[in-house]
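Below: the structure, in structure tokens.
Computed from the coordinates by the stated procedures, all read-outs in this text should not be read as laboratory data. Every value quoted in this text rests on a predicted model; they were computed, and no experiment measured them. For neighbour counting, all protein chains shown are included, and Cβ atoms are generated from backbone atoms with ideal geometry for every residue, glycine included.
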Amino acid sequence: MPLARIQFRPGINRESTSFANEQGWFDSDLIRFRKGHPEKIGGWSSISGDSVLGTVRSLKTWVTLDALKLMGAGTNLKFYIEQGTTFNDITPIRSTATLGTNPFTTGSAGSGEITVVAAGHGAGEGDYVTFTGATTVDGLTTSDLNKEQAITQVVSANSYVVDTGGSASSGSTAGGGTAVIANYQISVGASGQVANGPGFGAGFFGGPTLTYSMTTLNGAINASVTSIILTSASDFEVAASTTGAAVAVVDTTIAVANSSGFPSKGTVKINSENIIYRTNSGTVLGDITRAADGTTAAIHGSGDAVTFVGLIQINDELIQYTGKSVQTLNAGVVRGARGTTAASHSDTDDVREANSFFGFGDTVADFLTENIARLWSQDNFGEDLIFNVRNADIYYWEASLGLTSRATALSTRSGASDAPTVCRQVVVSDTDRHVIALGCNALGATAQDLLLVRWSDQENSVDWTPTATNTSGSLRLSSGSEIITAVETRQQILIWTDVSLYSMRYVGPPFTFSITLLASNTSIIAPNAVVAIGDRVYWMDTENFFMYGGQIQEIPCTVLRYVFDDINLDQKAQFFAGSNRMFDEVFWFYCSSDSATIDRYAKYNYADNTWDIGSLSRTAWVDFGIHSKPRGAETDSSSSTTIYDHETGTTANGVAMAPFIESSVFSIGDGEQFTFISRIIPDLDISSSDADTSVNYIIKARNYPGDTLTTVSTSAVTSTTQQSFVRSRSRSAVIRVESSASDIAWTLGDVRLDVRPDGSS
């Protein structure tokens, strides 16, 4: 019989059944299509023996005036500048405090733990603090103490625990001296997204803020007990004041005589109404929710009593209180508060202060700030770097100060005028040199406006006050409820809200920028799920993939069902796009439905209009240009991240890769008769230093569409193989090509088979 040449269509197609996609490719991993033919992708290798702390969500490369090649890397724990494979920690300092005399108390003998007394520290579990000036205490040396420490437990608003790594001699000993200085880095963020959103099921009741007090029960209680005895109640707030003015039913702030004794957020009771507040200026409780906890909004007079309503959590139950005596909460106790169920609790069960936990009535902005994966944006202002934590402050790193210098808040730099202190994203408009803050606080305000766009004066990153002689200004988008993300192209900046797409262009004085609505009823799945290549922009929404190059177009996608039928949208904040211009590729990394971390990708070749799929864990990416290879970040189970150069070598950082491509089911004829396959003529370009290194051709077979495909033949093919003899008898078959050797690269041509009819039964 003559050889049958099977020319499979380029690209993976999962939009129909395998049988319906006859003469197409159906599955793949770690391959690409180039000029219509599948090949193994390049390998990757670590750029450094060092790893960075946390999960990297942002990478950016640039060159300084001194020709230094730099890379900014933002993780959920730190921010780094990499140069020459060295990662320099430039995480900004949030605050600096001089601690009181002998602020350290050692734990047990042999332990390196110390409890630190630091009034109003504002730190949370996992945050980093660096001590200087400490003296030896209880066998812990100055080297143990005077270094960066990770906070392992927040005891209260005025104390926390760190593990120095040393060994105390006796334990329970105070010391440290009189000159201890604590430098607190900006608070750490989450590595992933809280899946359930605000409310029950999201960590503790909605998820705690970064600081909260904690103790234990001193004695078991049943579901009806209204006197709660704690091991210590000293850090659990009790406060009272009076209204400073009358309160109307519609008021959104409450003036009080003095609220300095109240925590930064929580609940108060005025007469019979409970009111949740989220800001406390000392005399005004703001950002309030009226009629909380099932109460009714009412009018209150000037001088009416304002009582703080404390909230604690024991296991799954929330309990309210208004008063305490020594270590007992014994006034205004309400069991099973805020929809929880009163229950029995055991002696020594944990008791957490829950006044500032996120729950019913909390704002979306609060939730987004503290409960999704920490994301960064970064851009260059000349050779310097401007970056921000999503929904937080903007920071500036000055290259001339050296690689070890820390970034500082933009609003604190010399000459700063009305610089935003909270925003979604920061972008530098390259052609006209304006710093642009998206979803930021307005001029003279502190509250974040999620649709506001502000920009600095031209060539001046710190002047944000509009005057007749500068170009700073602002515009507010009109469509949607929040800005999701923005990306800069050669001609414009594209801005996505939750329901629309805008174009922002520099037009010069007096307006500086114009913003045009390009499309409604469109959005983007995640802030980093977009990439620009020249004037073309590619992005992913919750149902499809799109391209903009003057007009919005759906990208024809042959793996659409595969992606969106098995995707974890609860973790969409992690999803991101990247490009590999070496091979005309755009890809999206995402979480499959049963994964809370990124484990898959879908890749689009925009030159050939083909798609492929695979499994790979990456959290951030930057294309080649400054460096000769693209770079990607991977986080391991210990929350350490390695940065790789991609498209280098043939291994996964020294470990053999396992690429494969598998065809759809094909039949010779209409499938009525059995077909006998006896020989494969490989069309395969193999690159390897070992002539014996092989690629496997695998034939899987079945007789009916409902049957399971069964491997019936495996044939190892080397660079010198002319033909391979096999034995396969079936009505339909699948060809799979795979490799597992380290030193190999390959490109697959057409498949030729020696086949003949072999009866109908």
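Of note:
- Cα centroid of region 49-128 to Cα centroid of region 638-698, whole Å: 43
- Net charge of Cβ neighbours under 15 Å - reference Leu3; Lys, Arg +1; Asp, Glu -1: +1
- Which of Asp432, Asp594 has the fewest Cβ neighbours within 10 Å, and the rest in rising order: Asp594, Asp432
- Relative intensity, log₁₀ I(q)/I(0), of region 214-363 from a Debye sum that treats every alpha carbon as a point, q = 0.13, 0.14 Å⁻¹: -0.56, -0.64
- Amide H contacts of Ala529 (H built 1.01 Å from N, in plane; Pro and chain starts excluded): Ala577 sit under 5 Å, all sequence-distant by 5 or more or on other chains.
- Pairs from Lys35/Lys572; Lys40/Lys700; Lys40/Lys60 whose Cα-Cα separation, in the structure shown, is over 23 Å: Lys35/Lys572; Lys40/Lys60
- Annotation: amide H of Ala392 within the under-5 Å range of Cys423, sequence separation 5 or more or interchain, hydrogens built in the peptide plane.
- Sorted on the mean count of surrounding Cβ atoms within 10 Å across their residues, most packed first, peptides 377-386, 523-532, 224-233 read 523-532, 377-386, 224-233.
- Across region 312-327, rounded Karplus estimates of 3J(HN,Hα) from the backbone phi angles (6.51 cos²θ - 1.76 cosθ + 1.60, θ = phi - 60°) give 10, 10, 10, 6, 9, 9, 9, 10, 9, 8, 10, x, 8, 9, 6, 10 Hz, Gly and Pro being marked x.
- Residues whose amide H falls under 5 Å from that of Thr497, counting only those 5 or more places apart or on a different chain, are Ile484, Tyr502, with hydrogens built in the peptide plane.
- For the chain, Cys with no neighbouring Cys Cβ under 4.7 Å: Cys557, Cys591
- Computed from phi, the 3J(HN,Hα) profile of region 236-252 under the Karplus parametrisation 6.51, -1.76, 1.60 (θ = phi - 60°) reads 9, 5, 9, 8, 8, 7, 9, 5, x, 7, 5, 10, 7, 4, 9, 4, 10 Hz, with x in place of Gly and Pro.
- The chain - mean residue ellipticity at 222 nm from DSSP helices (-39,500 (n - 2.57) per run, n ≥ 4, rounded to 500): -500 deg cm²/dmol
- Local electrostatic count at Thr173 - Lys and Arg +1, Asp and Glu -1, tallied over other residues with Cβ under 15 Å: -3
- Whole-Hz couplings from phi, Karplus 6.51/-1.76/1.60, listed for region 328-338; x for Gly and Pro: 10, 8, 9, 9, x, 6, 10, 7, x, 6, 6
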